[in-house]
Structure formats: C-alpha cells, structure tokens
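First up is the structure itself, then whatever we jot down about it.
The values are calculated or read from the model by the stated rules, or taken from the named source; none is laboratory data. Here the structure is a predicted model, which means the values were calculated and not measured. Please note: Cβ atoms are built from the backbone with ideal geometry, for glycine as well, and neighbour counts cover all protein chains shown. Note: areas computed on protein heavy atoms with side chains; ligands, DNA, RNA excluded. Shrake-Rupley method; radii C 1.70, N 1.55, O 1.52, S 1.80 Å.
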Number of protein chains: 2
Amino acid sequence: MRGAQGDLLRLVATGQAESRAELSRLSGLAPSSVSLRVEELLDAALLVEEGAGTSRGGRRPRRLRVSPTAGLLAVADLGAHHARLALLDLSGVPLVVEERPCDIALGPEATLDWMAAAFDDLLRSHAPPGVPLRGVGTSVPGPVDPATGRVVSPSRMPGWNAFPVADHLGAHYDLPVLVENDANLMAVGEARAWPGCDNLMVLKAGSGIGCGLIVEGRLHRGRGAAGDISHVRVRADSSAMCSCGHPDCLEAYASGAALMGALADQGFAVHRPADVAALVADAVPEATALVRNAGRLIGEVLTVLVNFINPDAIVVGGSLSGAEPLISAVRAAVYERCLPLATRDLEIAVTRTGPDAALLGAGSLLLDAVLA
Amino acid sequence: MRGAQGDLLRLVATGQAESRAELSRLSGLAPSSVSLRVEELLDAALLVEEGAGTSRGGRRPRRLRVSPTAGLLAVADLGAHHARLALLDLSGVPLVVEERPCDIALGPEATLDWMAAAFDDLLRSHAPPGVPLRGVGTSVPGPVDPATGRVVSPSRMPGWNAFPVADHLGAHYDLPVLVENDANLMAVGEARAWPGCDNLMVLKAGSGIGCGLIVEGRLHRGRGAAGDISHVRVRADSSAMCSCGHPDCLEAYASGAALMGALADQGFAVHRPADVAALVADAVPEATALVRNAGRLIGEVLTVLVNFINPDAIVVGGSLSGAEPLISAVRAAVYERCLPLATRDLEIAVTRTGPDAALLGAGSLLLDAVLA
DNA sequence: CCAACTTCCTTCGAAATCGAAGACAAGCCG
DNA sequence: CGGCTTGTCTTCGATTTCGAAGGAAGTTGG
C-alpha cells in the first residue's frame, strides 16, 4: 500500500474521515488529488462507497468505508493463563473474539506456536473466502524492546527473557508482525475512544499493575519499560519486600496479585483478579477496604505523574476496573494532591473500550505497519 | 517564509544540514527540488554559500549557512531579580548576551515595557544596519497556558496571574511572539546539545525547582504546568508546610530558596542560589550536607518519572547545577531505585549549554514560528 | 599518475499535485 | 415552488516535484 494512498486509507480505516472532502481537509491534499487516489482505491476494491452521509448544509457526502474484503488482521492479548484472540477487518472492527486458556509458563516456543495454530483455526472457521490476512500482532505481559521485538527481563514470564517474539511469530507468516506490551496496546486501543484527548494515561489494573502512556496522540515507548509504575516506593505502614529486591513497591500492595494474597489469607476463595472485583461488587467489607487502599496508593503515585505530564484523561482498565472503590480512591488522591492547573480539566474514568482494548490497539498499530 | 523553503532553511539554521545533499536526505525532497529551492533562498539572501565542507569520500559539499543578514531574534530569560537578554541570528547564535537587573514584582506591564525598551536598546547598539528583527520571545518563571500565552497561577510572580503576556509584548511588535516557562525553554535549548537523545528531562535547580520535558524531540507542554515536580510529597523526617497548602512538598526541602533559608538560619550570608553553590565549592560541610540531601530528595522523585518515561538523559541546569554533590546524590538515588531497563543507557549529567540554555531554547522555538 | 569509485550537484523530460472554476446535490426560506 | 446558500465532488490547465542520467570534484589504491 504505497504512501499517499496508504494515508487516505488509514484516515478512513481509523474513522477519522468518511468522505472525500474530509480526506482532503485531514490529509492536506488538494480535493482533486484526493478524488484521483480514492478512485484508484475503489478500483482496487480496498475502499467501497456506501450510501450518502448526512448533509452539513450542502450536498451530502458520499460515504467511504474500507472494504470488508480488503484484508484481515489476527491479533491476540496474551495473559498468564488465557489469551483473547480476534480477527479484525482493516478498520479495526472485530469479526470474532474468543478467549482460550493457555499457559505462558510453557515457554515462548510452545505458546507462540499454539497462538499461530489458534489463528489458523479462527481463519478457517471465520474468515470469508478470498480475504487475505495482512498482519499479525500480540500483546505480552512484560516489557518489549521496541527496536528488536524481544521481551526484556519480564517478571511474570518465566523463560521468556530476551526471546525474539516478533521473529519467531513472523516465521509463520510473511506479513507485518507486531509485539507490544499489554498495557501499551490497551492504551492505544483506548485512545481511539477518547477523541480530543491527545495525552492519555491508561492504567491496567489486573493481577499486575501496568500503565500505557499516549503523548500527542502517539504511544510513548521509551526504552520498552515506559509506563511502569509497579516499582515505585509507596508510603506504607508495614514493610513488604518486592520481587525486584526493593521494599514497599506499589505492586506489593496494590496489584491484583497482592490483593488476592491478602484476601486468601483472610479465608476468601479468590483465584483470579476478577474474583476480587466480584467480592467488592458483593460489598464484602474486607475486599472493599483492601481495594480502596490499593486505589489510594495508586492515586498517590499517579499524583506525581499527573503534575509532570498533565494528561487530558486517566483511563482505568483491566479486570479490577469494575471495582468502583478503586476508581473513587484514585480520583480522591489525584484531585486532592495535584496542582489545580493539572486537574482542572482532567477526567478520571473507567475504560470505554472494555476487555478488547488491547486487541483493538494491536489492530490500530498493525494498520500503521500494513499501510507503511 | 513559505513551507517547503522554510523547512530547508530550518534544517540549515538548526545545524542539522550543511549541504544540499544533507538537505535532500533529511527533508525527503528530491535532490533536484532541493537545488531549486536553495537557489531561491540564495537569491533571497537568506542563505549563503560559504566555502566547502569536508569530503566523505567524494566531491566536497558546498557548505550552506543562514545569512547573518537574514534576520534577528530578541530573546529574554526572565528571573525574579534579573533578566538575561540576547540578540540571536536566525541560526540561534548570539550576537550579544547581557544580564540586567529587574524586578518582576513591579508587575507585568512595567516589566514587559522595560523588556521592550531593553530590546530596543540592544538593537540600537548591536544590530547590524538593515538586518530585520523577526521574532521576540521570553521565558517566565511560572506556568504558561500554551493556548493563550497567559501566565497561569504563578507562585513566584505576584500580580501576573492570568496576564496576557504574549499579547502585551506583541503590541510592541508586529512579529511572532513567544512566551514560555523558563524550565521548558531551558529544556528546548539543551535538547540541541544532546543529539540522539529524543527523550530528555531537564532539571532547573535554581531558587525554585523546575523541569522541562522533551518527548520524541518535542517540548511536552501538557496544560502549561507539565514538568512540575515542586509539589511532590517527599519522605521527610520533619514536617514542613509548603505555600501550596500541602505538607512536605519537594520545594520546601530541596529548592534553592529552601536551602538558602536553612543556611541563613545557621548564620551564613546567602542571598542568591549561586551563593549556596559557592559554599559547596568551598567545601563548607553544612552546605554540602544540605545540598546532598536535596539531591537525594530530587533523585527519589525522579525515580518515579524515569521508570515511567524512560528518558535518554537527565540534564541538570540552573544556578545550583554547579554543586557537584547535588548531581551525585541524584545519580545515586536514580541508579539505585530505578528499573535496570530504564537506567541501562541513561545519562545523568550537568548542562552542556550553560546559563544561556533558555535563551537558545527561545531562539529555537521562535525560529519555528518565524518559518511557519 | 591513472583508473575506479564515491559523493555532490545539476539538467531535463515525465509524473504527480495543485488550484481555480464549475457542475452537482442537497437544505433553507420566503 | 424556485431562487439562494452551503458543502461536495470533478475537470483541466499551470505548477511543482520527481527520478534517472550525467557532469563535477573529490578519495583511494595499485
């Protein structure tokens, strides 16, 4: 997909533009040039014209959409014990989403080969005939070196250190391959649901604590560990040692794993972070108190970051995001301690995208790679 | 200066390109197009050819420079009690730099009118005849709303709240006018001296504590207060109330003002932050201990930000940057507590640009506005 | 000293892009 | 219903940009 056309296709695929006129405004190209390119894209069956849009006072625009036959993306959101898998069309709309159990502790080769087989399975059963696969992507629950596509010293992925995930997955396909941290992909996916918010912090509160950072509309990767807040030292009464070797890391108090541990000690049967959220929904006082405290600790850490980054919104996702006291406690801490200028128009809210955020994010980044 | 030509002129002015070939590589334009545009810029006397560069194995490039007659920028770095003023040529090289006493407590009108008079004075005495003034810019020691050019709730600028600095200064000139926070401008100025470092945190340790953040090579403004670390709560033995109404802000322990206060209490005659650095240079134990503690506190705050942003370098400037123990203590704290992935290639160093960083930064941003 | 190679820059026809003008298709309104 | 306004899309000549080829001015190495 060569440059100029790629830009136009991307604008349509991401939903930013629906008509030739909008394409002209957003791409900076002259209306005549846009018409030419669109004509070519229609001929190539990558775009289709689909009825007319709503008038804004004049002639109605002829609505453009990415053709459903233009191609598919296979994406996965890889967790410790299960993976969400999906096929997306080029505009990022899921054809099918499935959750399947898996175990990343079996190591990278086994897991990635399993994933490739699962993709093949989905393609066989759900892909319309003749529609080509155009890209493959997955999240991993650990840092990824943006330069090499390798996992780097992941704490929750035994056996994966320095494994070239992108290369191994790419060996199955002659296609663009994307490998990115789970919280980062979640942030990218969420970002599309927050138009006008160019600076976004997306917290993933699951069994670990992660954060993805969107700056000026683009994912900030840093050296691969950007967005890490797990190992910030927090103000705590007791003293807990973290696996990283430092005392009183946020993760040791506020992660889903830590909360599960504390609840298990009190005799509750919790096996997944969602169980914690369920206890909170049932108004179990012990769970609510723990979650609220976790929210406070997270909020105090975010305080520093909000003052420094001045995001437009903080979005909370992950399996604990359903626990209302978590969000409330984060809000309370941030609004109390941050500079008024930083919180004046700051929104702190729960995910708009839901559990598929990372899948949609993978689609979004893959689209860029496919149209490069 | 219309678009395509502006881009080329900017590349030469910023020192990124010195020959037509480099311009072609960096701008993405075809060599033939570059030759055409450069010819026009030479005709317009905005560029000049100046001898030949060094060969890289083939024909020597014909070195291009921005003409000294292309224009001037008048810039200021406004402090509480004195301002640094400079005239720069379009490539950001100072013709003259002066420091003059002033007092921002006299209010915005008086200060800005004084500044305009000082610019006129410099232009009369140092500007070559016939060279036009093309832009005016100043730093202010407080947050600036990027949208409106107004100062927003500045703590060290009594009487300036919500004052439209850019508009008032612009009334004297029919030119691009730039108003930006001092630490931010310092960061922009410093960034040019760190090629290859696209993500930079620049700490200004003066009578206050500020920080400027460069992400992907561009200044991150947020809502105007981005880069603020003054009001982060720190782990302290005693309990100090900050002017912001919260206890134990970093500013209350680690700012130049706080250090001056503590030293004055111990009978030392200190009137400016530089006096603190001088005491440290003289190895006065009380001063060294205080500064080292300040560095530790600052470093602990930076820890959170380094994990989150993964910058390529942390640069320390401001009048306390000459105090070696400050940097050492920052280094110690950051390297001890941060993730290995985040610190592996992280450089923590003192300013390469020196006291003129903010002036050069103003020149850099102004150039963008002039060539827009 | 003389090929052989590199790199820098320009020339010139081909191709892409632009921009102004107009055709087209609505909504608005008396 | 028939002008009027507004916004969308296309046509076509003018302009800009490209790209391949070649000349200019070096270095390198026998």
**Complete:** Between the residues A:LEU123, A:VAL140, A:LEU42, the Cα farthest towards the positive end of the dipole of chain A, that dipole coming from +1 and -1 charges on the beta-carbon of Lys, Arg, Asp and Glu, is from A:LEU42
**Request:** Could you run the numbers on buried accessible area between B and A, total for both chains, 1.4 angstrom probe, in Å² to the nearest 100?
**Result:** 3800 Å²
**Request:** Can you tell me the order of A:63-72, A:164-173, B:219-228 when each peptide is scored by its average per-residue count of other Cβ atoms within 10 angstrom, highest first?
**Result:** B:219-228, A:63-72, A:164-173
**Message:** What number comes out for accessible area per residue over chain A if the probe is 1.4 Å? Units Å², please.
**Reply:** 41 Å²
**Prompt:** Taking chain B as a Gaussian network, Cα atoms linked when under 10 Å apart, which of B:LEU360, B:LEU87, B:LEU305 shows the biggest mean-square fluctuation?
**Reply:** B:LEU305
**Request:** Among B:LEU346, B:LEU359, B:GLY261, pick out the residue whose Cα is farthest towards the positive end of the charge dipole of chain B, where Lys and Arg carry +1 and Asp and Glu carry -1 on C-beta, about the Cα centre.
**Result:** B:LEU346
**Request:** Pop out the carbon and sulfur fraction of the accessible area of the protein assembly as shown as a percent, whole number, probe 1.4 Å.
**Result:** 51 percent
**Request:** Take chain A, connect every pair of alpha-carbon atoms lying under 10 Å apart with a spring to form a Gaussian network, then pick out the residue of A:HIS82, A:HIS246, A:HIS231 with the largest mean-square fluctuation.
**Result:** A:HIS246
**Asked** Residues of the range B:310-357 with accessible area at least 40 Å² lower in the all-protein-chain context than alone (1.4 Å probe)?
**Response** B:ASN310, B:ARG337, B:LEU339, B:LEU341
**Prompt:** If you place +1 on the Cβ of every Lys and Arg and -1 on the Cβ of every Asp and Glu, how big does the dipole about the Cα centre of chain B come out, in debye to the nearest 20?
**Reply:** 1000 debye
**Asked** In nm, one decimal, shortest first: how far is the label point of B:ALA349 (7 Å from Cα along Cα to beta carbon) from the matching points in the other copies?
**Response** 4.4
**Prompt:** In debye to the nearest 20, how big a dipole does the range B:3-66 give about its Cα centre with +1 on each Lys and Arg Cβ and -1 on each Asp and Glu Cβ?
**Reply:** 320 debye
**Asked** Just the Cα atoms of the range B:195-352: what Rg and Dmax do they give in Å?
**Response** 15.2, 46
**Prompt:** In whole percent, what relative contact order does the range B:195-352 give with Cα contacts below 8 Å and a gap of six or more residues?
**Reply:** 24 percent
**Asked** For the protein assembly as shown, what is the convex hull (Cα atoms) projected area averaged across all directions, in square nanometres?
**Response** 36.7 nm²
**Prompt:** Top mean-square fluctuation among A:PHE163, A:PHE308, A:PHE119, Gaussian network model of chain A, C-alpha springs under 10 Å?
**Reply:** A:PHE308
**Prompt:** To the nearest whole number, what is the average tally of beta carbon atoms from other chains within 10 Å of the beta carbons of peptide B:210-219?
**Reply:** 2
**Message:** Averaging the inverse of every distinct alpha carbon separation and then flipping it gives the Kirkwood radius. What is it for the range B:268-308, in angstrom units?
**Reply:** 11.3 Å
**Among A:LEU302, A:VAL291, A:LEU213 the positive-end extreme of the charge dipole of the range A:195-352 (Cβ point charges)** = A:LEU213
**Request:** Take each complete run of DSSP H in chain A, measure how far its Cα atoms stretch along the helix's own axis, and keep only those covering 27 Å or more with mean Kyte-Doolittle hydropathy at least 0.5; list them.
**Result:** A:285-309
**Request:** Taking each pair of different alpha-carbon atoms in the range A:3-66 once, compute 1/r for the pair, average those values, and report the inverse of that mean as the Kirkwood hydrodynamic radius in Å to one decimal.
**Result:** 11.5 Å
**Asked** What nm value, rounded to one decimal, do you get for the distance between B:ASP113 and A:SER35 when each label is placed 7 Å out toward the C-beta?
**Response** 5.8 nm
**Asked** Quick one: putting +1 on the C-beta of Lys and Arg, -1 on the C-beta of Asp and Glu, what dipole do you get for the range B:195-352 around its Cα centre, in Debye to the nearest 20?
**Response** 320 debye
**Message:** What percent of all Cα-Cα pairs in the range B:28-99 falls into each 5 Å bin, going from 0 up to the bin containing the maximum distance?
**Reply:** 3, 14, 15, 17, 15, 11, 9, 7, 5, 2, 1
**Message:** Translational diffusion coefficient of chain B at 37 °C, 0.692 mPa s, Stokes-Einstein with Kirkwood Rh over Cα pairs, in µm²/s as a whole number.
**Reply:** 150 µm²/s
**Item:** Relative compactness, the range A:207-259, computed as alpha-carbon Rg over 2.2 N^0.38 Å
**Value:** 1.29
**Asked** Which percent, to the nearest 5, of DSSP beta bridges fully inside the protein assembly as shown are antiparallel?
**Response** 60 percent
**Fill in**
Calculated from DSSP helices alone, with each H run of at least 4 adding -39500 (n - 2.57) and the total divided by the residues of chain B, [θ]222 nm to the nearest 500 comes to -12000 deg cm²/dmol
**Prompt:** What percent antiparallel are the DSSP beta bridges of the range A:195-352, to the nearest 5?
**Reply:** 55 percent
